[in-house]
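The values are calculated or read from the model by the stated rules, or taken from the named source; none is laboratory data. All values reported here derive from a predicted model rather than from experimental measurement. Every residue, glycine as well, gets a Cβ built from its backbone with ideal geometry; the counts of neighbours run over all protein chains shown. Just the protein is used for accessible areas: all its heavy atoms, side chains included, with ligands, DNA and RNA removed. Shrake-Rupley method; radii C 1.70, N 1.55, O 1.52, S 1.80 Å.
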Amino acid sequence: MSEPKTTSETSANAMWGGRFSVGPSEVMEKINASIDFDKRMSAQDIAGSKAHCSMLVKQGIINTEDGNAILKGLDTISREIENGSFTFSAALEDIHMNIENRLRELIGDAAGRLHTARSRNDQVATDFKLWVRSAIDELDKQTGLLIEALIKQAEENFDVIMPGYTHLQAAQPVTFGHHMLAYVEMFGRDRSRLQDCRKRLNECPLGAAALAGTSFAIDRHMTAEALGFDRPTANSLDSVSDRDHALEFMSSGAILATHLSRFAEELVIWCSQGFGFVTLSDAFTTGSSIMPQKKNPDAAELIRGKVGRVIGAMNTLFVVMKGLPLTYGKDMQEDKEPVFDAADTLILSVTAMTGMVSDMIANRDKLHAATADGFLTATDLADWLVKELNLPFRDAHHVTGTIVKLAEDKGCDISDLSLEEMQTVEARISQDIFRVLTVEQSAQSRTSFGGTAPENVKAAAKAARERFLS
């Protein structure tokens, strides 16, 4: 005599249309269920169902009475989810079946008409695109606020001199404002990538059904328009198997995370006692449980660490998708958790970085004092030799290197050498050389487009507001 069927088995059998004589095992139920994470798409699922229902009514596929009951029931479910009274069931596998089951409880058999001319395959593809699109919009907005904070720092510190580095070795004088605008360019490209991704994903899969389309006279353009898509997808097979939008979002997100991590690394360095270039507010630093003098840049360190999660999530999704034939495979249920985690991590990290930048104080004296080391005006000396003495640059480079060695042996800066000492290396050097050997003059002279001159920085900050924030 067989065991009586459990509630979950009965529900599962109903869901699968009576194809199976017994329900899934407990292990199968656990591995198959996605409700614990895809319930985040409840708003998108309800929006898609409402659009589909309205289209079915307009096309005469279901009657107005049933359509109105479905729409009213979906509104009730939406309110229940929002106020926390909705009960999610793992036995019903996913957000789609949880909502459909609750709809049947509310309005009866009419609920079964909602799934006419669609499949969970095109339903989940639509829900997921809607969710990713929303995540892109939020991330784009937050990245814009970060750009605005960086531009403000650039405007306030357009003439603050600091060392510019290559190989983390002092190289040439730059301005703090110019350094901030470098990150504006990076994050500006990130916004552009996100916006491009949004344009490409904005095609609606709804109506592709399981994989081949449907024999019902549906209007896919109507549902696409109702959900804010530009158009319906062109191929039903691609519609249900495509996850390019998620892969592209993750790829763009990984680049954004890398930019955040690079900036976070600089903030960690700049906050250290060896540099002291900036001061972060108490809101984004923490103390030590044992060392009362500590003020640690933990927010920056956490952002620097979180890039690993984002890149790892991107790799996860690529690995899931790499070997799948057309069209849908259950493997694709694994697409959402990495995307959800990456989106959460990115939005939190960008928001935290915006807070740090907004509160950050550039320590002008420390920044300027750091320019005393590293012979930062050596290139200016070489350029003067080319311009004034008509030396080939390679010869000027050699002369300058010899003068730098002379200053190094003496334990002073180039500008502290006497004219006579410089003339032992190149006799034609004149008193005029000292005019170009200050870090202020060096920065001011870099007036080429994209250069660090303070006047350039002011103009570039204004242009950046128009390019990235308008």
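When region 231-247 is limited to residues that are assigned to a loop (DSSP other than H, G, I, E, B) and more than 17 Å from Phe318 (Cα to Cα), the one that is least open to solvent (accessible area, probe 1.4 Å) turns out to be Thr233. With respect to the conditions (1) at pLDDT 95 or above; (2) in a helix (DSSP H, G or I), Ser442 lacks only one, and its number is (1).
Take the residues of region 160-196 that are of a type outside the set (Gly, Ala, Ser) and in contact with a His (Cβ under 8 Å, 6 or more places away or on another chain): which is most open to solvent (accessible area, probe 1.4 Å)?
Residues of region 160-196 that are of a type outside the set (Gly, Ala, Ser), as a first pass: 160-163, 165-169, 172-176, 178-181, 183-187, 189-191, 193-196.
Those still in the list that are in contact with a His (Cβ under 8 Å, 6 or more places away or on another chain) too: 160-162, 183, 186-187, 190.
On the way: Val160: 8, Ile161: 13, Met162: 1, Tyr183: 11, Met186: 29, Phe187: 0, Asp190: 1 Å².
It comes out as Met186.
Scan region 133-159 for residues that are open to solvent by less than 40 Å² (accessible area, probe 1.4 Å) and either under 28 Å from Ala246 (Cβ atoms) or touching a Leu at 6+ places or on another chain (Cβ under 6 Å) (or both) and jot them down. If the condition is that a residue be open to solvent by less than 40 Å² (accessible area, probe 1.4 Å) and either under 28 Å from Ala246 (Cβ atoms) or touching a Leu at 6+ places or on another chain (Cβ under 6 Å) (or both), then Arg133, Ala135, Ile136, Leu139, Asp140, Gln142, Thr143, Gly144, Leu146, Ile147, Ala154 are the ones that fit. Among Gly305, Gly253, which is the only one that is at pLDDT 95 or above, loosely packed, with under 14 Cβ neighbours inside 10 Å, under 21 Å from the mean Cα position of the chain (by Cα) and of a type outside the set (D, E, K, R)? Being at pLDDT 95 or above, loosely packed, with under 14 Cβ neighbours inside 10 Å, under 21 Å from the mean Cα position of the chain (by Cα) and of a type outside the set (D, E, K, R) holds for just one of Gly305, Gly253, which is Gly305. Taking region 71-95 as the range and being closer than 23 Å to Gly213 by Cα and modelled with pLDDT of 95 or more as the test, no residue passes. For region 422-436, the criterion of a residue being under 46 Å from the mean Cα position of the chain (by Cα), touching a residue at least 12 places away in the same chain (Cβ under 8 Å) and more than 30 Å from Ile147 (Cβ to Cβ) is satisfied by at least one position.
Which residue is farthest from Thr126 (Cα to Cα), if the candidates are limited to region 205-230 and must be of a type in the set (S, T, N, Q) and part of a loop (DSSP other than H, G, I, E, B)?
This residue is Ser215.
Checking each residue in region 399-439 for being closer than 19 Å to Ala171 by Cβ, assigned to a loop (DSSP other than H, G, I, E, B) and charged (D, E, K, R) picks out only Asp413.
Does Leu206 satisfy the criteria of being assigned by the TED database to the domain that holds Ser349, under 22 Å from the mean Cα position of the chain (by Cα) and open to solvent by less than 30 Å² (accessible area, probe 1.4 Å)? No. Yes or no: region 281-291 includes at least one residue that is open to solvent by 70 Å² or more (accessible area, probe 1.4 Å), of a type in the set (Gly, Ala, Ser) and either touching a Pro at 6+ places or on another chain (Cβ under 6 Å) or farther than 30 Å from Asp365 by Cα (or both). Looking for residues that are open to solvent by 70 Å² or more (accessible area, probe 1.4 Å), of a type in the set (Gly, Ala, Ser) and either touching a Pro at 6+ places or on another chain (Cβ under 6 Å) or farther than 30 Å from Asp365 by Cα (or both), one finds at least one in region 281-291, hence yes. Ala396: assigned to a helix (DSSP H, G or I) and free of Cβ contacts under 8 Å to residues at least 24 places away in the same chain, yes or no? So Ala396 fits the description; yes. Of the candidates Gln153, Gln142, the single residue that is part of a helix (DSSP H, G or I), modelled with pLDDT of 95 or more and more than 17 Å from the chain's Cα centre (by Cα) is Gln153.
Applying the set (1) part of a helix (DSSP H, G or I); (2) on the phi > 0 side of the Ramachandran plot to Ala369 leaves exactly one unmet item: (2).
Can you confirm whether region 357-380 contains a residue that is modelled with pLDDT of 95 or more and touching a Lys or Arg at 6+ places or on another chain (Cβ under 8 Å)? Looking for residues that are modelled with pLDDT of 95 or more and touching a Lys or Arg at 6+ places or on another chain (Cβ under 8 Å), one finds at least one in region 357-380, hence yes.
The one condition from (1) in a helix (DSSP H, G or I); (2) of a type in the set (A, V, I, L, M); (3) touching a Phe, Trp or Tyr at 6+ places or on another chain (Cβ under 6 Å) that Ala117 does not meet is (1). Residues in region 313-324 that are touching a residue at least 24 places away in the same chain (Cβ under 8 Å) and open to solvent by 20 Å² or more (accessible area, probe 1.4 Å): Met314, Phe318, Met321, Leu324.
Within region 325-337, identify whether any single residue is open to solvent by 50 Å² or more (accessible area, probe 1.4 Å), closer than 30 Å to Gly207 by Cα, touching a residue at least 24 places away in the same chain (Cβ under 8 Å) and not in a helix (DSSP H, G or I), and answer yes or no. There is at least one residue in region 325-337 that is open to solvent by 50 Å² or more (accessible area, probe 1.4 Å), closer than 30 Å to Gly207 by Cα, touching a residue at least 24 places away in the same chain (Cβ under 8 Å) and not in a helix (DSSP H, G or I). Within region 355-385, if we keep just the residues that are closer than 30 Å to Lys141 by Cα and open to solvent by 20 Å² or more (accessible area, probe 1.4 Å), the residue that is farthest from the chain's Cα centre (by Cα) turns out to be Asn363.
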